[in-house]
Each structure stands twice: as structure tokens, then as C-alpha cells.
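None of the figures in this text is laboratory data; all of them are computed from the coordinates on show. These figures come from a predicted structure and were not determined experimentally. Cβ: placed from backbone, ideal geometry, glycine included. Neighbour counts: every protein chain shown.
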Amino acid sequence: MNSLEPSALAHWLIQRATAILLLPTIIFSGTFQMALICLNILVFWHLHLGLEEILADYVHHEVTRNLILILLRVLLLIIIKYVFVFVLTHV
């Protein structure tokens, strides 16, 4: 890990916090538009952290892992764009 990435404990805590925060946002997403936006942010953040952890555990070649992480982030940004466009136009 480089100095810009969070430590393993911070990574674990952030992943658990996003998991815990998902439940209230799911409950309130039907009534508040802001909760729906927060729900989408939390889902994609949690997804990114989990996939990043899986890649760190199972892809041992650093160059390959970094390339896959870059492609994962690009893919998630594309998906987030389409989700937010859909959410904001259909709410």
C-alpha cells in the first residue's frame, strides 16, 4: 500500500460503516430523495471496497492488480453515471 491508501484497519472500519449505514438508507429511500442518493453512494462505495479487498487478496502480481483496480473504478464510474441519471429522471 502506498501512503495515500487507508490502512487495513481503516479500510475494514469504512467497509463495516458503509454496511451498517445501508440499512437506514434502504428504509428511508422510499420517502426521501436524498436518502435514495445516499443509498446509491453507499452501495457503490461498499462494492468498491469489497472488490478492492478481494483483488488485494487474490491477485498477487502488483501491475495486474493495479490495472484491474483502474478498470474497476472506471466501470463503477460509468455504472454510477447511469444509475444517477436514471434515479434523478424517474423520481
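Here are some notes:
Matching residues to (1) of a type in the set (A, V, I, L, M, F, W, C); (2) within 15 Å of the chain's Cα centre (by Cα):
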{"residue": "29", "(1), (2)": "no, no"}
{"residue": "32", "(1), (2)": "yes, no"}
{"residue": "38", "(1), (2)": "yes, yes"}
{"residue": "49", "(1), (2)": "yes, yes"}
{"residue": "74", "(1), (2)": "yes, yes"}
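- Residues of region 40-91 satisfying the condition of being in contact (Cβ under 8 Å) with a residue 24 or more places away in the chain and loosely packed, with under 11 Cβ neighbours inside 10 Å: 91
- Residue count for region 23-39, restricted to those that are polar (S, T, N, Q) and either touching a Pro at 6+ places or on another chain (Cβ under 9 Å) or exposed (fewer than 14 other Cβ atoms within 10 Å of the Cβ) (or both): 2
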